[in-house]
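Here the structure is laid out as structure tokens; the discussion comes afterwards.
The values are calculated or read from the model by the stated rules, or taken from the named source; none is laboratory data. From a predicted model like this one, the values you see are computed outputs, not experimental measurements. Every residue, glycine as well, gets a Cβ built from its backbone with ideal geometry; the counts of neighbours run over all protein chains shown. In case anyone asks, the SASA skips ligands and DNA or RNA and just uses the protein heavy atoms, side chains included. Shrake-Rupley method; radii C 1.70, N 1.55, O 1.52, S 1.80 Å.
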Amino acid sequence: MSDSSFSRRTLLQGALASTGVIWSRTMNAESFLFPAAEMDKVQDEVDIREWSFEEAQKYWTAMKNPVAHVGVPGCEWQTGVYWDGSLLCGPTLQRGEIYVHPLMAEEAAPLGNNLLHLSIGYGDPMRFVDRKGTGSPFIRRSLEGGRLPIPSVETQDGSLIWKETAFAHVAGRKMQEASMRPNRNDIPVTHVQFRVKNTGAKTENGHLWFYFGDTSQTKLITEIGAELDQPLAHRFEPPFGWIQDKVRYIFPSPKKGELRWHDAGPPLEGIANAVEKLIEWNVGLAPGEEAQLTLLLPYGLIDRTSAEKILGFDSAAVHQEVSQFWSSLLQGPGRIETPEGWMNDYLAAVPGQMAQQVGYRHLHKLWMYKTSPNWYEDYYPANAATALAAFDLRGLTHISRPVLQSFVDFQTDEPGILGKDRRPDAPRDDLRRPTADLGEGFATHPGLLGNFGGWTANSSLMCHGAELKTLASHYRRTRDESWLGKGPGSPLQTMLDACDWVSAQRRRTMREEKGKKVRHWGLLPAASAHDWLSGNAVFNDSWCIYGMIETVRMLREINHPRAEEMAKELKAYRDCLRDRYNEARDLARPVPVPGGGTIPYVPRDVYELDWQKVDWTYANYGPVRAGGQGAFDPNDPLVEQALRFLDVGMPKDGKQTFFWRHYVEQETMWPMYEVFLQRDELDRFFEFFFHNFTAAIHHEFRVGCEARDGIPSCAPGEGERWKTVRNMFVNEHGGYDGSQQSLWLLQAIPRSWLKAGGRLGVREMGTDFGGHVDLEVEVAPNGNSVAVHGRLDLVLLPAEIRMRLRSGSGRRLTSVEINGRKMQAVGKDSVLLPPEKKQEYRIVARFD
């Protein structure tokens with residue numbers, strides 16, 4: 001906990017005394033604004049000395065609508081596995097818009113009419129156990145081994161236990177061969193294995209039902225309408241299911257039971273329309289007996305010859321091969337161990353979940369990391385760029401590099417829709433310029449990143465900055481000069497051109513009106529900031545500065561002749577941003593606080609000066625995020641004032657209203673951890689960490705989402721959450737002006753992870769200094785000491801190497817030994833390690 005925490009807490013407790021709200025009870029993740037009357041009751045701060053999962057879980061209900069995906073790295077199509085075992089084959093593209101997206105329609109043309117929502121029913125008469133996602137106690141979900149992207153859904157139907165398991169591969173190719181080597185004529189196949197066991201004392205007949213619908217009622221991947229999807233125009237001629245003269249699905253003949261076709265089924269409770277064209281597996285089971293059925297789903301309509309080859313697959317052997325592939329992928333470098341078993345599984349599962357979302361668009365030669373399969377199938381480049389660190393730091397560069405190469409290949413001088421208002425009809429307050437005039441616009445100048453033409457869902461400055469940051473970081477982590485290259489078309493030249501592009505566009509706003517500088521002088525021209533916000537947002541400039549900081553640092557590390565020129569431009573840009581937002585804050589309307597008085601309002605846009613007239617859907621798109629990225633110094637008063645505003649809230653309709661709850665935002669896939677670590681505010685960080693990981697992850701499928709029970713596997717959420725935990729152990733700190741960073745080890749290990757006898761650590765964790773770090777932490781059985789075995793193998797020397805040594809009980813650090821030598825502690829709980837790139841040490845910390 002930083003020294004500033006007490007004064008911050010005291011201030012907020014005083015400001016909120018009349019609201020009945022604990023100092024940091026903030027936005028409810030299930031609504032955009034949260035009134036104080038519904039907030040948690042006041043607790044004395046000694047009740048929660050430091051947050052933990054045990055405490056955080058008391059404040060949230062578990063989400064009910066998880067969706068997993070199965071696919072092959074590099075293949076552009078994935079199958080969704082719903083919470084109730086239903087299956088989705090797309091690409092559906094947000095509300096079924098595939099055929100109005102010309103590039104997607106062209107790319108998906110070889111699939112034919114592939115759209116499928118396969119609903120699974122049980123019993124006689126048939127019923128859907130939890131089609132609408134109510135959290136039925138009769139359904140359990142899991143991943144194979146707790147972490148492989150092979151999901152299972154177990155459903156109880158009386159004494160019958162049904163287990164459905166899904167996995168994917170490419171027909172006729174081994175997983176290792178097909179991974180990241182896609183062919184245009186590949187046929188992805190999803191294997192769905194159904195096993196049933198009679199756990200009762202008498203013979204039972206099992207009934208498993210398959211309803212093949214289109215996706216007309218699947219408006220959102222986690223929302224299903226009151227009606228069934230319209231039935232596919234299919235017929236079943238065992239073992240093949242046909243649509244006209246093409247095969248859509250395959251049922252190998254089961255060893256037990258029989259498959260039956262039903263033209264129609266009985267009316268179903270809660271379903272408005274009739275049920276047609278059903279397939280039933282009817283199987284008799286003696287007590288304790290088991291049976292199995294396999295369904296093979298090619299992604300797309302295929303000819304009979306291909307279908308017969310797929311029919312010949314040994315599904316059990318394919319399952320084994322797929323399982324071995326994923327196990328091997330997840331056993332590589334960058335592993336994290338905590339005392340939380342489900343957390344370890346989630347962190348291990350992340351690269352597998354993410355790898356399935358990397359796909360190649362063949363017609364346009366575009367590699368992309370998709371934001372969410374079957375939903376966000378067009379491209380959000382900033383989401384991709386931000387997530388890729390989770391591959392690089394785990395040594396999975398063979399997955400990240402193709403995506404990075406497309407960043408390079410698609411760099412352009414064409415701004416496209418960058419300077420155009422995404423929502424011309426959006427309301428604007430009267431302090432902004434007219435909607436039709438978004439400012440100077442963008443010059444046609446080489447170097448723009450993030451414009452992928454018709455594939456781009458939202459061309460924004462965030463994309464430019466995020467791609468620039470990720471390219472520079474990739475080199476710093478790998479130190480691969482052959483990848484960096486030089487000259488036209490190289491990643492190095494791409495980064496130089498991207499920085500020059502920013503400088504050229506900034507100069508367009510260095511102008512005056514009526515003898516006075518315009519309010520956004522020296523910032524980038526107005527542009528899209530997120531889905532519907534357009535303007536001169538700090539978010540735009542901070543992301544571009546974020547990219548420039550990392551690029552300047554990289555240029556200095558390779559002794560590039562333009563390094564100091566770029567550093568000078570970076571300093572001028574950061575100074576300019578700070579000046580503009582100090583001016584905007586001074587012009588903005590102050591925020592009244594409970595009990596009297598006001599606090600400053602730091603706007604997220606230099607023209608949004610009235611907090612009452614702002615769309616607050618994205619609360620951290622402002623100086624808070626800028627502080628986490630180093631565009632502002634994290635401890636700058638602008639950042640402190642912005643955090644104070646978000647913590648204290650604002651009056652609305654006579655009530656105090658908040659924007660987040662326990663630092664969980666409406667869009668949980670952008671976890672805001674960096675600012676708290678950079679400020680070293682452990683109290684805020686742990687509150688964010690435990691609540692985000694409690695509220696925003698489906699623990700059974702080990703997958704996050706865009707918003708609570710919203711779009712699943714939504715980038716950059718999994719990558720960012722993985723990096724959050726990684727940075728708790730290994731954090732590159734400071735260097736906001738492009739200078740060398742320090743390395744902070746074990747900066748944010750919660751006390752709940754340091755209980756007596758506990759073990760935790762990281763293995764072969766990549767760093768921004770090149771090389772890797774190993775840390776093994778062991779707490780003594782009596783909790784009186786902590787032993788750390790560490791190994792550093794770095795390419796560059798950090799500005800400083802620091803380690804924090806905390807006790808599980810909060811007791812004071814009294815002595816530290818490094819390799820048998822006593823060392824002086826720094827501050828209350830840290831020690832400086834020798835300034836050496838390669839070292840091994842054994843540290844013993846003792847507490848009173």
Of LYS370, LYS365, ordered by accessible area with the largest first and a 1.4 Å probe, the sequence is LYS365, LYS370
To the nearest 10 Å², what's LEU524's accessible area with a 1.4 Å probe?
0
Between 0 and 90°, nearest 10: helix 538-557 axis offset from the chain longest Cα axis
80
Add -39500 (n - 2.57) for each DSSP H run of 4 or more in the chain, then divide by its residues: what number comes out at 222 nm, to the nearest 500 deg cm²/dmol?
-8000 deg cm²/dmol
Normalised Cα Rg of region 754-848, dividing by 2.2 N^0.38 Å with N its residue count, works out at 1.07
Could you please state how large a percent of the accessible area of region 467-517 is carbon and sulfur, counting protein chains only and using a 1.4 Å probe?
46
Sum of side-chain charges, VAL826 neighbourhood, beta-carbon under 11 Å (Lys, Arg +1; Asp, Glu -1):
+1
Just the accessible area per residue of region 241-335, please: how many Å² with a 1.4 Å probe?
47
Order the following by accessible area, largest value first: GLU177, GLU154. Probe radius 1.4 Å; ligands, DNA and RNA are ignored.
GLU177, GLU154
Cβ-defined net charge surrounding GLU481, 15 Å radius [Lys, Arg +1; Asp, Glu -1]:
+3
How large a share of the accessible area of region 161-250, in percent, is made up of carbon and sulfur atoms when the probe is 1.4 Å and the other protein chains stay in place?
47
Quote the relative contact order of the chain in percent (integer), defining contacts as alpha-carbon pairs under 8 Å separated by 6+ residues.
14
What's the Cα-based Rg to Rh of the chain, Rh via Kirkwood?
0.98
Roughly how tilted is helix 315-330, in degrees to the nearest 10 and between 0 and 90, from the longest Cα axis of the chain?
10
In degrees, nearest 10, range 0 to 90: what is the angle between the Cα axis of helix 341-355 and the longest Cα principal axis of the chain?
80
Output ³J(HN,Hα) for region 834-847: one whole-Hz value per residue in order, computed from phi by the Karplus curve 6.51 cos²θ - 1.76 cosθ + 1.60 with θ = phi - 60°, and x for Gly and Pro.
x, x, 10, 6, 10, 7, 10, 8, 10, 10, 10, 10, 10, 10
Would you mind getting the accessible area per residue of region 602-713, heavy atoms of the protein chains only, 1.4 Å probe, in Å²?
18
Got a sec? What order do HIS262, HIS69, HIS101 fall in by accessible area at 1.4 Å, biggest, i.e. largest, first?
HIS262, HIS101, HIS69
When all protein chains stay in place, what accessible area (Å², nearest 10, 1.4 Å probe) is found for HIS772?
60
Could you work out what % of the accessible surface of region 586-659 is carbon and sulfur, using a 1.4 angstrom probe and leaving DNA, RNA and ligands out of the count?
47
At 0.890 mPa s and 25 °C, Stokes D of region 297-401 from Kirkwood alpha-carbon radius, µm² per second:
151
Take the cross-link list LYS255/LYS309; LYS174/LYS277; LYS202/LYS256 and give me the ones stretching past 27 Å between alpha-carbons.
LYS174/LYS277
In square angstrom, rounded to the nearest 10, how much accessible surface does PHE452 have for a 1.4 Å probe?
10
